[in-house]
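Read through the structure below, which is laid out as structure tokens, and then see the notes.
The values are calculated or read from the model by the stated rules, or taken from the named source; none is laboratory data. Note that the structure is predicted; figures quoted are calculated from it, not measured. Quick reminder, even Gly has a Cβ in these numbers, built from the backbone with ideal geometry, and neighbours come from all protein chains shown.
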Amino acid sequence: MNARHTSSQAQGMILIHSASAALCPHIEWALGSALGKRVELDWIPQPAEAGARRAEYSWDGAVGTGAVLASALTKIGHLRFEVTEEPSSGADGQRYCFTPALGAFTAVTGIHGDILVPEDRLRHAAATDALGGEPLHLALERLLGVPWDEELDVFRHAAEDAPVRWLHQVV
């Protein structure tokens with residue numbers, strides 16, 4: 001890395017939507033290792049999943065820290081989370097999501113929070129549809145993270161007295 005990239009700063013959010021109580025210390029350790037400092041999260045019950053916890057954490061660090069944080073959390077595997085990195089000088093933003101059922105989703109975000117889909121991915125989706133593969137509308141939903149949003153919405157809104165769809169068995 002050159003000096004410009006090492007001095008560029010970024011900030012973002014970590015949203016742990018659902019984790020078992022047993023994983024909480026491991027999550028804090030993983031985040032602390034990625035950030036190079038002790039991290040203590042304020043865990044609260046996650047009403048959408050019996051026995052689960054949720055937490056939020058605002059972070060700052062070098063550009064690219066969001067990817068490091070998401071990678072550390074993905075290795076744990078049995079949780080639902082989002083990590084955002086806000087756009088900064090010379091760098092687009094990033095959004096990372098993970099659910100045990102869907103795996104990882106990564107997207108570039110613009111200054112207004114919009115997901116930016118690279119041209120080659122759009123061309124591939126159109127060509128796949130033209131050749132009888134995945135329909136274009138489904139490919140676009142996947143490229144925009146719609147399946148992840150649909151799964152995570154239950155967990156995002158559960159703490160706000162919103163209607164809750166209880167999950168009794170998670171695969």
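Checking each residue in region 126-156 for being farther than 10 Å from Phe105 by Cα and assigned to a loop (DSSP other than H, G, I, E, B) picks out Leu131, Gly132, Gly133, Glu134, Pro135.
Which of the residues that make up region 106-125 are without any contact (Cβ under 8 Å) to a residue 24 or more places away in the chain and either in contact with an Asp or Glu (Cβ under 7 Å, 6 or more places away or on another chain) or in a loop (DSSP other than H, G, I, E, B) (or both)? The answer is Val108, Gly110, His112, Gly113, Asp114, Pro118. Based on what the data block shows, is Glu82 surrounded by 14 or more Cβ atoms within 10 Å (Cβ to Cβ), closer than 21 Å to Gly145 by Cβ and in contact with a Gly (Cβ under 8 Å, 6 or more places away or on another chain)? Criteria not met by Glu82. For the residues Val154, Val170, the requirement of being surrounded by fewer than 16 Cβ atoms within 10 Å (Cβ to Cβ) and modelled with pLDDT under 95 singles out Val170.
Could you say which residue among Asp161, Asp92 is at pLDDT below 95 and more than 29 Å from Ser33 (Cβ to Cβ)? Give the steps one after another, and end with the answer.
Values: Asp92 fails: more than 29 Å from Ser33 (Cβ to Cβ).
Criteria check complete, one pass: Asp161.
Annotation note: of Ala101, Ala72, the sole residue that is of a type in the set (Gly, Ala, Ser), in contact (Cβ under 8 Å) with a residue 40 or more places away in the chain and part of a loop (DSSP other than H, G, I, E, B) is Ala101. Checked against (1) surrounded by fewer than 21 Cβ atoms within 10 Å (Cβ to Cβ); (2) of a type in the set (Gly, Ala, Ser); (3) over 15 Å from the mean Cα position of the chain (by Cα), Ser58 passes all but a single condition, namely (3).
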